[in-house]
Amino acid sequence: MLDCYRKMKNAFAKDNDNDAATAGNEMVKAFAGFNKAALTADQAKIYNDVEDDAKEHAEHIGMNAGKIAHQREHFDMLSKDIYQLVKTFGGGQKLYYDHCPMYNDGKGANWLSETKDIANPYLGKKMPTCGTVKEELK
């Protein structure tokens, strides 16, 4: 799921709605194929709380190529879900939780990145380096 999320984030940073849609569809399949049997009861509760919501956002991203603004709205909400999963299960690598203060009329939005360098998925090529690292996740 995290690999699909990374592909999606990088596609949005390049204003590529088609690649973002492909990654959204891949994420839906990743959720469907996830084996919950190895989860503890606490982990399963958190996963189950997030799964339907995250899957729905991934589906919207996958079905809306050509509507990048709509896809990015769902990416904002999906990023919150993926952050919660990473905080619970870890990411298997160092990740950065980044913040864009300008997205959504100044309300801002967050995302996860595999690099410390900012590549803004919400503003894309218009403002590629807008944002700051809020947190490092190990």
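The values are calculated or read from the model by the stated rules, or taken from the named source; none is laboratory data. Since we're looking at a predicted model, the values are computed, not measured. Methodologically, a virtual Cβ is constructed for each residue, glycine included, from the backbone with ideal geometry; neighbour enumeration extends over all protein chains shown. Accessible surface areas use protein heavy atoms only, side chains included; no ligands, DNA or RNA. Shrake-Rupley method; radii C 1.70, N 1.55, O 1.52, S 1.80 Å.
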Output for Cβ contacts, cut-off 9 Å, separation at least six or different chains, first residue under 13 Å from Pro121 (Cα atoms) in region 61-83, second acidic (Asp, Glu) and not in a helix (DSSP H, G or I), reads Ile68/Asp15
Restricting the search to region 60-90, which residues are β-branched (Val, Ile, Thr) and either in contact with a His (Cβ under 9 Å, 6 or more places away or on another chain) or closer than 13 Å to Lys9 by Cα (or both)?
Ile61, Ile68, Ile82
What residue, of Asp117, Asp98, is assigned to a strand (DSSP E or B) and modelled with pLDDT of 95 or more?
Asp98
Identify, please: which residue in region 12-66 is open to solvent by less than 30 Å² (accessible area, probe 1.4 Å) and of a type in the set (Phe, Trp, Tyr) and is, among those, nearest to Leu85 (Cα to Cα)?
Tyr47
